[in-house]
Amino acid sequence: MNLPESVATAMSPLFERLPLEAAMPDLVVSRPAEGEVLALAQGAVGDPAIQANPALAAGIWLFVDDLDRSHAISQEMPDATGSFWHGIMHRREGDFSNSHYWFRKAGVHPAMAGMEAYDAHAFIDAVSQRGNAPDLVALQRREWAALFAWCAGQSS
């Protein structure tokens, strides 16, 4: 993932402990991460490079499955990016109709331009029908990485 140096540095301890390939293993979350992972996420969110961009904090909390903290941030962001993080959060809590609402509100997000054949609404429907299918978990990780990197690029 191509991140500005300050964001990459802030995220390094978390990514070392929880690489993207291991993060967000469940499409619908039952509980947030605990212990060291949660502490590393808190450290990243407290870094000045992250504090300057609330969208990154919303993404970090999703990365460690802390939907409540992500929700608190994304619902205060009145733009398409906030709506997009908000839509992901509701999909991950299993509230698929609310997720559809937020993705409609977000519209086509520029972060998803590089994801071939990405359709947020089709993704929600697939999650509701197929559960934790490996291809959907992989798509969730690519979606997160694309939006997180785009948000990081906006703050540099």
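Things to note:
- Per-region count, the range 93-110, residues assigned to a helix (DSSP H, G or I) and surrounded by fewer than 22 Cβ atoms within 10 Å (Cβ to Cβ): 10
- Residue list for the range 68-89, restricted to those being closer than 20 Å to M24 by Cα and surrounded by fewer than 22 Cβ atoms within 10 Å (Cβ to Cβ): D68, R69, H71, A72, G82, S83
- Restricting F15, F63 to residues that are in contact with a Phe, Trp or Tyr (Cβ under 7 Å, 6 or more places away or on another chain) and of a type outside the set (S, T, Y) narrows the list to F63.
- Checked against the criterion of being among the charged types (D, E, K, R), farther than 16 Å from M24 by Cα and modelled with pLDDT of 95 or more, the range 120-131 has at least one qualifying residue.
- Looking only at the range 32-71, residues that are closer than 21 Å to E143 by Cβ and not aromatic (F, W, Y) come to 24 in all.
- Boolean, S70 is part of a helix (DSSP H, G or I) and either under 25 Å from N2 (Cβ atoms) or among the basic types (K, R) (or both): yes
- Where a residue in the range 24-51 is over 20 Å from R92 (Cβ atoms) and its partner, wherever it lies, is surrounded by fewer than 20 Cβ atoms within 10 Å (Cβ to Cβ) and among the basic types (K, R), with Cβ under 9 Å and at least six apart: E36/R17
- Residue match in the range 96-116 (condition: hydrophobic (A, V, I, L, M, F, W, C), in contact (Cβ under 8 Å) with a residue 40 or more places away in the chain and under 24 Å from D66 (Cβ atoms)): yes
- Of W61, W85, all but one fail to be of a type in the set (F, W, Y) and in contact (Cβ under 8 Å) with a residue 60 or more places away in the chain; the exception is W85.
- One residue alone among P48, P13, P19, P78 is out of contact with any helix residue (DSSP H, G or I) (no Cβ under 7 Å at 6 or more places or on another chain), of a type outside the set (D, E, K, R) and at pLDDT 95 or above, and that residue is P19.
The values are calculated or read from the model by the stated rules, or taken from the named source; none is laboratory data. Predicted model only: the values in this text are computed from it and were never measured. Reconstructed Cβ throughout: ideal geometry from the backbone, glycine too, with neighbour counts over all protein chains shown.
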